[in-house]
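Student: One structure coming up, written as structure tokens, with questions to follow.
The values are calculated or read from the model by the stated rules, or taken from the named source; none is laboratory data. Just so it is clear, the structure is predicted and the values come from calculations on it, not from any experiment. As a convention, Cβ positions derive from the backbone with ideal geometry for all residues, glycine included, and neighbour counts pool all protein chains shown.
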There are 2 protein chains.
Amino acid sequence: MSRVFIYDTTLRDGAQTEGISYSVSDKLLIARKLDFLGVDFIEGGWPGSNPKDLEFFHKLKVEKLKTSRLVAFGSTRRKGRTPSKDPIVRALVDAGTEYITIFGKSWDLHVNQVLKVSLDENLKMISDTVRYLCKRGKRVFFDAEHFFDGYRDNAEYALKTLEAALSAGAETVVMCDTNGGTLTSDISRIVAEVKQQTTKAKLGIHTHNDNGMAVANSVTAVQAGCVQVQGTINGYGERCGNADLCAIIPSLVLRLNSECSCGKRLRELTEVSRYVSEVSNMKQQDNQPYVGSSAFSHKAGVHINAMLKTPRSYEHIDPETVGNKRKFLSSELAGKTGILQKAGEISCQLEKDGKNTKKLHQLVQRMELDGYQFEAAGASLELVLRKSLGRYRKFFNLEGFRVIVERRSDGRLISEATIKVNVNGVDEHTASEGDGPVNALDNALRKALMDFYPELGDMHLSDFKVRVIDSKAGTAAKVRVFIESQDKKRSWWTLGVSENIIQASWQALVDSVEYKLLQEREEKKINE
Amino acid sequence: MSRVFIYDTTLRDGAQTEGISYSVSDKLLIARKLDFLGVDFIEGGWPGSNPKDLEFFHKLKVEKLKTSRLVAFGSTRRKGRTPSKDPIVRALVDAGTEYITIFGKSWDLHVNQVLKVSLDENLKMISDTVRYLCKRGKRVFFDAEHFFDGYRDNAEYALKTLEAALSAGAETVVMCDTNGGTLTSDISRIVAEVKQQTTKAKLGIHTHNDNGMAVANSVTAVQAGCVQVQGTINGYGERCGNADLCAIIPSLVLRLNSECSCGKRLRELTEVSRYVSEVSNMKQQDNQPYVGSSAFSHKAGVHINAMLKTPRSYEHIDPETVGNKRKFLSSELAGKTGILQKAGEISCQLEKDGKNTKKLHQLVQRMELDGYQFEAAGASLELVLRKSLGRYRKFFNLEGFRVIVERRSDGRLISEATIKVNVNGVDEHTASEGDGPVNALDNALRKALMDFYPELGDMHLSDFKVRVIDSKAGTAAKVRVFIESQDKKRSWWTLGVSENIIQASWQALVDSVEYKLLQEREEKKINE
């Protein structure tokens, strides 16, 4: 069991993702969650490049983390300056963290063509900066940017950059595959060679996913001798992203038996992934390894049958180890098994050949013939079961709705929905505009219900899919609408089917709202 | 340069993705695209388990592929049957392909606990089935399911299953990491060991992505001696998906210098990925290695500055090698080739650096930033070009439309569209009901135009797809509507983009009608 240190850079490298833009309070939320997970290091940002980042460091200085160490990130001094006179280096010191990560060039191409300094001057920029920070009591990590590309072009020089940092006092030197194109076989060979030549140094690995190998490259680097792994939650990062810690941590703990401080919290991993995706306003990937909502979904009939005999047959780990859940997608193939399982989830023990099971099975089959597809809409399936098994309550009655889309002669476009619902005997008749007919209807429904059920305020719709079932009928075809909703705790899919896209969307919207309200009530019951 | 064979299983294993459900015509579209890309083998489906799959094989028997070989997939005979009496094996023969892939168990755990037959009987099931098919003139691949798990538990037996297939005539034996949990280091070691013990055999690799290593595992297996790689476009597949061929192919061609039949079409890879995601009605992952829309997006300022000095500084390959584009956040540098080509199709010879080309290029880029995606909607792109190059005429003016969907208190649903158009100075104001709002609008538009353009009577809409572009905005998200239309001679795709699904559908409907009317006039001119 070797100790491996997890270094999270979601807040710095992850923030480079197209579409992500963290506020200071977003960063605080994520930092607290990472602290809860127990990663060893949290890279908080680059205080020299961003005033927001400095604010973040100052706030966390007051609040303090329980488990993780906060790290400030920055570059070496610039050419021709001394570290003490370089504002970027000084901002790093001002961040007030015990740990600092400095990145510098290790590829001679970059030194010559991008920095445009001599190879020697670059080595001095590294050692001067590391030495300056160490003297101020900082513990310093050195990120050797483009290390693997550099090593392939000029191994001797790349090694010299590591030595420059080490001899100046760096605690760990981190080899970065900055462009993300290095093959796993090269990572394995190069890390082993470096290990041999810097016997006493602690080595780290930082990979990007441009060739789809970032996770394998990180784990392989640990096998070859690295003791620090840098990555991000959900693999966020520029271009194709950084190495995904949500995939790396379980492989280290469960396959390599590495000692990781967050190994104790492995069961929280799925929730952490979902939480960070929420705060980042990014949809969590359904097929994300270990933590995705489909990661343990079984669709093929032969697989489901085998799984019932022995779960190991089609699962590489028990999903609960990482806080995820097994799903049997209820398609025609899956038959009664899926229904029994879903009923179990709402604490109804049905018998395989019981009357209720048969009735439900027929109902689901009939709906599937009609175009429903429950495999990807577990929340709607749950509602069908609840209704049939008497574990459902109605939260409102629809009296009617009307949706109008009008394109006027001046080209202006108006979408308006009016809706009339009845909640516990109280009529609510209201209207709302929207960016389109479904959005208008969604807005009107929430407006009508919000006074009665304020908890609807913390859910939102995160995805919306439309599938034409019988495409040959063209615009008269039946459509299947899937809606994904999420709140802080969970995400769920509902569906509706109709020749009328508005009606199909309406069904999915209503299921989504009812599911949320039922879940909240179930949880209250458990907590009481 | 070693030859590596690419084996695509998008249509079989990829179809197991949660949310994917291919019709026969979807499968035909994808098969033609794979044939265009030039993959060596296309696994079309499992004719024994699915009547739709048999129909697909029969259709492709008539149509014939240009480059790729079609493969039917199925299991070994069941216990206690002879292959000739097993309907599943016979359905395989009936599929009429030259190549057949048979999967069988190689993990003793599965033989004992799932199949519940003796280890010897399992070997016979494999060899009997392979021999039976070879005698019928088939060329047979053997997929050794769970090979790596099996090898870890009982290497001797796992090897015996490969030998059973080889001695019965299998051309290639494929080692499958069915549960997707094998580490790259184990793949490398086990493939090398198998290679040593089956010196003359051709070996293949089939991996799943449950630990995030499928791509690295596939490429590593080739380095260790495999000559066939199985995977899917975009990594579709059950749970966390199969190995993504869009990442594997470029690494094989560009990094290992492997000889791949689709190496010649590498520049089409991004388009193929996008096309398959459209037909599958799945959003393409922005950060997908090589082909994702963010795969070469640069956001960090220091990166962009360095990129301007030398592109190699932050890119592992030139994006054009795989048909992708570099993005500097706001300023896109799109290729002009597509525009020149489309202009050629309407007999306009544009010059690469001409003023018109530049103008069109900017226009198309602007529209793409807005969410248009012309790859799958050639007719709409043609209309954009025609409008800009003065090769367009207007057939009608829209004065306005209004669409109403009303759900009354008795549950009845009404969809009605009113439309006012002007054709050659004549106003036409009409209304129509429909099965939904888009159908009502479609009906009303045709009704309004039919008297003026009776040729519209022989076209109909054959497919209708809706894709949410920015799914995070939920029901307020921008949607992209694709409409496929056909008449006796041709089929064509058009698109519209708007936050309002009715407006997006309207654009696609209008493009569809205008394209039809323009084509008819062009043809008349040629015939005259």
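Student: Can you name the number of the only condition in (1) within 26 Å of A:Lys264 (Cα to Cα); (2) surrounded by 22 or more Cβ atoms within 10 Å (Cβ to Cβ) that A:Arg69 fails?
Tutor: Every listed condition holds for A:Arg69 apart from (2).
Student: Return only the number of the condition from (1) more than 14 Å from chain A (Cβ to nearest Cβ); (2) under 17 Å from the mean Cα position of the chain (by Cα); (3) outside any loop (DSSP other than H, G, I, E, B) that B:Leu65 does not satisfy.
Tutor: Among (1) more than 14 Å from chain A (Cβ to nearest Cβ); (2) under 17 Å from the mean Cα position of the chain (by Cα); (3) outside any loop (DSSP other than H, G, I, E, B), the lone unmet condition for B:Leu65 is (3).
Student: Output the residue which, of all residues in region A:256-305 that are among the basic types (Lys, Arg) and within 13 Å of chain B (Cβ to nearest Cβ), is farthest from A:Lys342 (Cα to Cα).
Tutor: At the first step, the residues of region A:256-305 found to be among the basic types (Lys, Arg) are A:264-265, A:267, A:274, A:283, A:299.
Next cut, within 13 Å of chain B (Cβ to nearest Cβ) only: A:283, A:299.
Values: A:Lys283: 25, A:Lys299: 14 Å.
Of everything passing the filter in region A:256-305, A:Lys283 is farthest from A:Lys342 (Cα to Cα).
Student: Further question on the same structure: Starting from residues that are without any contact (Cβ under 8 Å) to a residue 12 or more places away in the chain and touching a helix residue (DSSP H, G or I) at 6+ places or on another chain (Cβ under 6 Å), keep the ones in region B:112-125 and report whichever is surrounded by the fewest Cβ atoms within 10 Å (Cβ to Cβ).
Tutor: Going through the qualifying residues, I end up with B:Gln113.
Student: Would you check if A:Thr310 is more than 8 Å from every other protein chain (Cβ to nearest Cβ) and more than 22 Å from B:Gly19 (Cα to Cα)? Break it down stepwise before answering.
Tutor: Details: more than 8 Å from every other protein chain (Cβ to nearest Cβ): no; more than 22 Å from B:Gly19 (Cα to Cα): yes.
No; evaluated as a whole, the condition is false for this residue.
Student: Considering only region A:126-144, I want to know if a residue exists there that is without any contact (Cβ under 8 Å) to a residue 60 or more places away in the chain, in the same structural domain as A:Phe41 (by TED's automatic domain parsing) and over 27 Å from A:Val227 (Cα atoms). Please lay out each step first, then the result.
Tutor: Pass one, region A:126-144, residues without any contact (Cβ under 8 Å) to a residue 60 or more places away in the chain: A:126-140, A:142, A:144.
Right, trim to in the same structural domain as A:Phe41 (by TED's automatic domain parsing) and you get A:126-140, A:142, A:144.
Cutting the leftovers down to over 27 Å from A:Val227 (Cα atoms) gives us none.
Within region A:126-144, not a single residue is without any contact (Cβ under 8 Å) to a residue 60 or more places away in the chain, in the same structural domain as A:Phe41 (by TED's automatic domain parsing) and over 27 Å from A:Val227 (Cα atoms).
Student: Let me ask another. Looking at B:Asp13, B:Asp40, can you tell me which residue is closer than 20 Å to B:Ile248 by Cβ and within 13 Å of chain A (Cβ to nearest Cβ)?
Tutor: Values: B:Asp40 fails: within 13 Å of chain A (Cβ to nearest Cβ).
Among B:Asp13, B:Asp40, only B:Asp13 is closer than 20 Å to B:Ile248 by Cβ and within 13 Å of chain A (Cβ to nearest Cβ).
Student: So, one more: Residues of region B:152-210 being closer than 22 Å to B:Asp120 by Cα, among the charged types (D, E, K, R) and touching a helix residue (DSSP H, G or I) at 6+ places or on another chain (Cβ under 8 Å), which ones?
Tutor: B:Arg152, B:Asp153, B:Lys160, listed by residue number.
Student: Within region B:271-307, track down each residue that is among the polar types (S, T, N, Q) and under 30 Å from B:Tyr22 (Cα atoms). Break it down into steps so the answer makes sense when it comes.
Tutor: Residues of region B:271-307 that are among the polar types (S, T, N, Q), as a first pass: B:273, B:277, B:280-281, B:284-285, B:287-288, B:293-294, B:297, B:305.
Matches in region B:271-307: B:Ser273, B:Ser277, B:Ser280, B:Asn281, B:Gln284, B:Gln285, B:Asn287, B:Gln288, B:Ser293, B:Ser294.
Student: Output the residue which, of all residues in region B:31-55 that are closer than 13 Å to B:Thr9 by Cα and aromatic (Phe, Trp, Tyr), is surrounded by the fewest Cβ atoms within 10 Å (Cβ to Cβ).
Tutor: So the residue we want is B:Phe41.
Student: Touching a Leu at 6+ places or on another chain (Cβ under 9 Å), crowded, with 23+ Cβ neighbours inside 10 Å and more than 7 Å from chain B (Cβ to nearest Cβ): is that true of A:Val322 in this structure? Talk me through it step by step, then tell me what you get.
Tutor: Values: touching a Leu at 6+ places or on another chain (Cβ under 9 Å): yes; crowded, with 23+ Cβ neighbours inside 10 Å: yes; more than 7 Å from chain B (Cβ to nearest Cβ): yes.
For A:Val322, the condition - touching a Leu at 6+ places or on another chain (Cβ under 9 Å), crowded, with 23+ Cβ neighbours inside 10 Å and more than 7 Å from chain B (Cβ to nearest Cβ) - is met.
Student: Just give me the residues in region A:79-120 being basic (Lys, Arg), within 14 Å of chain B (Cβ to nearest Cβ) and within 30 Å of A:Ser68 (Cβ to Cβ), in sequence order.
Tutor: The first filter runs over region A:79-120 and keeps only residues basic (Lys, Arg), leaving A:79, A:81, A:85, A:90, A:105, A:116.
Imposing the further condition that a residue be within 14 Å of chain B (Cβ to nearest Cβ) reduces the set to A:105, A:116.
Of everything in region A:79-120, just one residue is basic (Lys, Arg), within 14 Å of chain B (Cβ to nearest Cβ) and within 30 Å of A:Ser68 (Cβ to Cβ), namely A:Lys105.
Student: Right, something else. What is the number of the single condition among (1) of a type outside the set (S, T, N, Q); (2) modelled with pLDDT under 95; (3) on the phi < 0 side of the Ramachandran plot; (4) part of a loop (DSSP other than H, G, I, E, B) that A:Gly80 does not meet?
Tutor: Of the numbered conditions (1) of a type outside the set (S, T, N, Q); (2) modelled with pLDDT under 95; (3) on the phi < 0 side of the Ramachandran plot; (4) part of a loop (DSSP other than H, G, I, E, B), the odd one out for A:Gly80 is (3).
Student: Condition first: farther than 26 Å from A:Leu398 by Cβ and facing chain A (nearest Cβ under 8 Å). Now tell me which residues in region B:394-419 satisfy that.
Tutor: Listed by number, the residues that qualify are B:Leu398, B:Glu399, B:Gly400, B:Phe401.
Student: If I filter region B:357-381 down to residues being touching a helix residue (DSSP H, G or I) at 6+ places or on another chain (Cβ under 6 Å) and within 17 Å of B:Phe482 (Cα to Cα), which single residue comes out as surrounded by the most Cβ atoms within 10 Å (Cβ to Cβ)?
Tutor: Out of the qualifying residues, it is B:Ser380.
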